[in-house]
Amino acid sequence: MSVTVNGIDELKKLAGSDLGTSEWIEVTQRRIDTFADATGDHQWIHVDPERAKEGPFGAPIAHGYLTLSLFIPLFTELLDVQGVTTKVNYGLNKVRFPSPVKAASRIRLVGRLAGVEDVPGGVQITVDGTIEIEGGTKPAAVLQSLSRFYA
């Protein structure tokens, strides 16, 4: 379920609001392998399913940065800001990876619009995000993301 706002003034009114929960997405071995190819990180714990079965997690796991990169498509399910000319990722304040994401697991995002502050030409939003693992007791990632929206 997506919250849609039209313009910066409506976005400001959402400050402090829960944005809800995204749909589940599967983190397949193919997605992990593709990320490994894109980044050059072919560590066996990610890309060698047979060896990873004997490793500390009993299966291949997604790269932490793969999990983090999935924040954007998951977040776009939660908030749709219309009536702006430009949307940019500004960075992160904090990121932690409390639990690995095993291949074939499903993850989703729970988001909260922690803050909206003025910047020249627009606003900067702070989003508190938790990426959950289906059936897991700990989240895959806990983060605070910054984005900018320009009028």
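The values are calculated or read from the model by the stated rules, or taken from the named source; none is laboratory data. Remember, predicted model here, so these are calculated numbers, not experimental data. Cβ placement follows ideal geometry from the backbone for every residue including glycine, while neighbour counts extend to all protein chains displayed. Quick note on the areas: whole protein, heavy atoms, side chains included, nothing else; ligands and nucleic acids left out. Shrake-Rupley method; radii C 1.70, N 1.55, O 1.52, S 1.80 Å.
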Summed side-chain charge close to Asp118 - residues other than Asp118 whose Cβ falls under 13 Å, Lys, Arg +1, Asp, Glu -1 = 0
query = Based on the Kirkwood radius over alpha-carbon pairs, what is the Stokes-Einstein translational diffusion coefficient of region 52-140 at 4 °C with 1.567 mPa s viscosity, in µm²/s?
reply = 87
Rounded to the nearest 20 debye, dipole of the chain from Cβ charges on Lys, Arg, Asp, Glu = 220
ask   = In Å, what Rg and Dmax follow from the Cα atoms of the chain?
value = 16.9, 53
key: About the Cα centre, charge dipole magnitude for region 1-82 (Lys/Arg +1, Asp/Glu -1 at Cβ), debye   = 100
ask   = In nm, what is the difference between 0.36 nm times the number of residues separating Ser2 and Thr137 and their Cα-Cα distance?
value = 46.0 nm
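If each residue of separation counts as 0.36 nm, what is the full-extension length gain between Glu50 and Ala38 once their alpha-carbon separation is subtracted? Please list the in-between numbers first.
Working: separation 12, 0.36 × 12 = 4.32 nm, distance 2.18 nm.
Here the segment from Glu50 to Ala38 would lengthen by 2.1 nm.
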request  = Counting only heavy atoms of the protein chains, get the accessible area per residue of the chain (1.4 Å probe) and round it to a whole Å² value.
outcome  = 53
remark   = Here the relative contact order (percent) of the chain, from C-alpha pairs under 8 Å and at least 6 apart, is 31
ask   = DSSP beta bridges in region 1-124, what fraction antiparallel, as a percent rounded to 5?
value = 70
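Ile131: net charge of surrounding residues, Cβ under 15 Å, Lys/Arg +1, Asp/Glu -1, itself excluded? Show your work: numbers first, answer last.
Values: positive: Arg31, Lys94, Arg96, Lys102, Arg106, Arg108, Arg112, Lys138; negative: Glu23, Glu26, Glu77, Asp128, Glu132, Glu134.
The answer is +2.
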request  = Using only the Cα atoms of region 45-99, construct the convex hull and provide its projected area averaged over every direction, in square nanometres to one decimal.
outcome  = 5.4
query = How much of the accessible area of the chain, in percent, comes from carbon and sulfur atoms when a 1.4 Å probe is used?
reply = 49
